[in-house]
1. State which residue pairs qualify: first residue without any contact (Cβ under 8 Å) to a residue 24 or more places away in the chain and inside the stretch 10-39, second residue in a strand (DSSP E or B) and of a type in the set (Val, Ile, Thr) in any location, beta carbons under 6 Å apart, and separation of 6 or more residues or different chains.
2. Of everything in the stretch 27-50, what is surrounded by 11 or more Cβ atoms within 10 Å (Cβ to Cβ) and charged (D, E, K, R)? Give them in sequence order.
3. Exactly one of these conditions fails for LEU62: (1) on the phi < 0 side of the Ramachandran plot; (2) more than 15 Å from the chain's Cα centre (by Cα); (3) not hydroxyl-bearing (Ser, Thr, Tyr). Give me its number.
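Bear in mind these aren't lab numbers, they're just calculated from the coordinates by the rules spelled out. On a predicted model such as this, the values are computed, not experimentally measured, just so you know. Note: ideal-geometry Cβ built from the backbone for every residue, glycine included; neighbour counts use all protein chains shown.
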Amino acid sequence: MLYQVAAGLLSDDEISAPLRSILSYQENIDVLLDEVTGINPNERIVHLKHSDLAYDFLILGLAFSTTILGTTNGASSHQALSHSMTPT
């Protein structure tokens, strides 16, 4: 399957299920999309861009974006990405 992902033959939904739908039956779980500006583990508080959030257990999903540094012009138009940062 790895070559299919790398070649762009599979779409995002064919690779994994959306986190919100997997956890939708859990009443004690919230899925948030925000920017973390800081974490205070002693007080168990996550500082977000738009608010603060107290937690009992914390699971972070990190996002990234691809950057082509120092390459020939036009390289970005020919790249094949295997990820998407678009929220679902």
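1. Close Cβ pairs (under 6 Å, with a partner that is in a strand (DSSP E or B) and of a type in the set (Val, Ile, Thr)) amount to ILE39/VAL46.
2. Within the stretch 27-50, ASP34, ARG44 meet the criteria.
3. All conditions pass for LEU62, except number (2).
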